[in-house]
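> Below you will find the structure I want to go over with you.
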Amino acid sequence: MFVLKYLFLYSLFYISLASESDVVELSDDDFSTRISEHETVLVMFYAPWCGHCKKLKPEYAKAAELIKDNEPPVVLAKVDCTEAGKETCQKFSVTGYPTLKIFRNGDFSQEYNGPREAVGIVKYLKAQVGPSSRELSSVADFEGFTNKNDVVVVGFFEKETDLKGAFLKVADKLREKVNFGHSTTKAVLEKEGHKDAIVLFRPKHLHNKFEPNSVEYVGANKREDIESWINKDYHGLVGHRQRDNVNDFRPPYFVAYYSVDYVKNAKGSNYWRNRVLKVAKNFADSFTFAISAKDDFQHELNEYGYDYVKGDKPVVFARDAKHQKYVMKDEFSVEALEQFVKDVQGGKLEPYLKSEPIPEDNSGPVTVAVAKNFHEVVTNNGKDTLIEFYAPWCGHCKKLAPIFDELGEKLKNEDVAIVKMDATNNDVSGVYEVQGYPTLYWAPKNGKDSPVRYEGGRELDEFIKYIATHATNELKGWDRKGKPKKEEL
């Protein structure tokens with residue numbers, strides 16, 4: 001038992017070391033020398049005790065592994081600001097951790113403001129080096145370029161044309177998202193059978209029998225049209241939805257969550273994707289379809305009431321055009337998925353609503369909203385409404401609570417509702433965008449479809465002044481400037 005435990009711990013240690021082997025460790029002694037050896041270097045300045053650094057490290061190491069063979073090359077390095085790299089960190093004004101900076105030919109070039117997960121880091125860096133479209137001057141160049149794990153878009157041009165000019169403009173605009181290449185070489189054009197064309201090539205690991213492996217652009221020589229075509233066809237019938245590209249997938253959509261891993265288990269990943277494809281091909285004009293790694297999107301599983309996913313089979317969730325959520329309750333199969341899509345399309349299912357129970361007593365100075373009673377206490381309450389979206393653990397929310405209670409008490413006889421909602425345990429209506437806590441909105445009684453984000457002060461008198469000014473009808477106790485009215489004798 002001791003030997004097995006030792007071997008297990010040793011293997012973990014070995015894997016940990018191996019995972020960071022592609023990240024270059026720099027110090028005060030060798031920073032200037034070694035940084036000058038490379039055209040482009042991303043440097044992470046860190047402290048070993050920093051929690052954000054610990055979270056970034058495995059993603060950073062994975063990015064280094066993914067990009068090490070890039071052409072032109074990009075190197076990922078790190079500097080420990082607490083030990084061997086103190087002077088270097090001071091020199092480059094590092095005041096927080098982790099700080100990432102891009103160096104070119106030994107000199108500081110720019111701050112890194114891109115994603116902080118592996119795939120996003122790689123895409124961002126690839127967009128920072130070389131031209132926006134790589135010239136493919138031989139058949140070998142072309143074959144190497146199209147044999148990538150990413151979608152690539154290639155322009156074939158026998159001569160200078162308007163299509164080529166539009167293509168290069170698109171490449172400049174989308175370089176951070178898409179790998180572009182172009183060729184004017186006769187051997188390449190003859191091999192592919194194109195003289196003046198743009199073709200999107202899907203990565204080999206996503207090839208399938210339900211859609212072509214490449215798609216040729218057919219349309220006008222306009223940048224906007226080419227860009228629209230790329231965005232439409234980029235992910236194919238069933239896209240691989242990842243943390244860095246979630247914004248590419250807009251409702252209405254269906255997402256299958258399972259152990260998607262094209263590095264360690266491409267065959268298993270495609271086994272389930274092919275079954276989704278079988279359904280998606282019949283509904284491509286109406287819905288977007290995607291697959292996602294369940295471990296990367298646990299927060300989304302939680303939004304649909306799943307703390308974890310048992311077994312290997314996918315679970316499938318959907319959102320319609322109104323952002324309403326639906327859960328496929330049957331065990332995954334091609335037949336079950338097809339029926340689920342038809343039911344969502346036909347409006348036969350009740351949307352899933354994440355909600356706390358409706359309070360039995362809601363007579364306090366501040367009305368409590370949950371997802372199940374939101375329309376009653378906010379949307380259809382017939383009053384101007386100030387609503388706070390909060391989190392129970394949020395310090396700023398706790399500080400605001402007594403002020404909000406006092407505000408509710410002060411305005412209890414006015415045609416105004418003061419409402420609060422725990423946005424961590426309830427689905428928030430689509431017209432309210434909540435990204436931090438507390439978030440407050442003013443919703444006039446005749447404008448509930450377009451609430452206004454409240455950006456005013458958070459003291460009692462500041463709330464009252466705002467409400468007095470913006471109320472649909474003048475308040476009984478305050479004038480439009482927020483000054484108390486004198487009581488009539």
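The values are calculated or read from the model by the stated rules, or taken from the named source; none is laboratory data. Remember, predicted model here, so these are calculated numbers, not experimental data. Note that we place each Cβ from the backbone using ideal geometry, even for glycine, and neighbour counts take in every protein chain shown. Quick note on the areas: whole protein, heavy atoms, side chains included, nothing else; ligands and nucleic acids left out. Shrake-Rupley method; radii C 1.70, N 1.55, O 1.52, S 1.80 Å.
> Quick check on the range 165-189: of everything there that is modelled with pLDDT of 90 or more and open to solvent by 30 Å² or more (accessible area, probe 1.4 Å), which residue is nearest to G114 (Cα to Cα)?
N179
> OK, next. Can you name the condition, by its number, that L386 falls short on among (1) open to solvent by less than 10 Å² (accessible area, probe 1.4 Å); (2) in contact (Cβ under 8 Å) with a residue 24 or more places away in the chain; (3) out of contact with any helix residue (DSSP H, G or I) (no Cβ under 8 Å at 6 or more places or on another chain)?
The one condition L386 does not meet is (3).
Quick grid of which residues meet (1) free of Cβ contacts under 8 Å to residues at least 24 places away in the same chain; (2) surrounded by 15 or more Cβ atoms within 10 Å (Cβ to Cβ); (3) on the phi > 0 side of the Ramachandran plot; (4) assigned to a loop (DSSP other than H, G, I, E, B):
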residue: D29; (1), (2), (3), (4): no, no, no, yes
residue: V43; (1), (2), (3), (4): no, yes, no, no
residue: W49; (1), (2), (3), (4): no, no, no, yes
residue: C53; (1), (2), (3), (4): no, yes, no, no
residue: P58; (1), (2), (3), (4): no, no, no, no
residue: A64; (1), (2), (3), (4): no, yes, no, no
residue: Q90; (1), (2), (3), (4): yes, no, no, no
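> Take residues that are hydrophobic (A, V, I, L, M, F, W, C) and either open to solvent by less than 60 Å² (accessible area, probe 1.4 Å) or in contact (Cβ under 8 Å) with a residue 40 or more places away in the chain (or both) and tell me which of the strands (runs of 3 or more DSSP E) falling wholly in the range 279-378 contain 3 or more.
288-293, 315-319
> Is it the case, given these coordinates, that A171 is in a helix (DSSP H, G or I), touching a helix residue (DSSP H, G or I) at 6+ places or on another chain (Cβ under 7 Å) and closer than 14 Å to I226 by Cα?
In short, no.
> While we're on this one: Please verify whether the range 151-164 includes one or more residues that are open to solvent by 30 Å² or more (accessible area, probe 1.4 Å), touching a helix residue (DSSP H, G or I) at 6+ places or on another chain (Cβ under 9 Å), without any contact (Cβ under 8 Å) to a residue 12 or more places away in the chain and not in a strand (DSSP E or B).
no
> Hey, does the range 434-446 have a residue that's without any contact (Cβ under 8 Å) to a residue 12 or more places away in the chain, farther than 16 Å from H470 by Cβ, outside any strand (DSSP E or B) and open to solvent by 30 Å² or more (accessible area, probe 1.4 Å)?
Yes, the conditions are met somewhere in the range 434-446.
> Let me ask you something else. With the requirement that a residue be open to solvent by less than 80 Å² (accessible area, probe 1.4 Å), more than 18 Å from K57 (Cα to Cα) and assigned to a loop (DSSP other than H, G, I, E, B), what does the range 92-114 give you?
F92, G106 - these are the residues of the range 92-114 that are open to solvent by less than 80 Å² (accessible area, probe 1.4 Å), more than 18 Å from K57 (Cα to Cα) and assigned to a loop (DSSP other than H, G, I, E, B).
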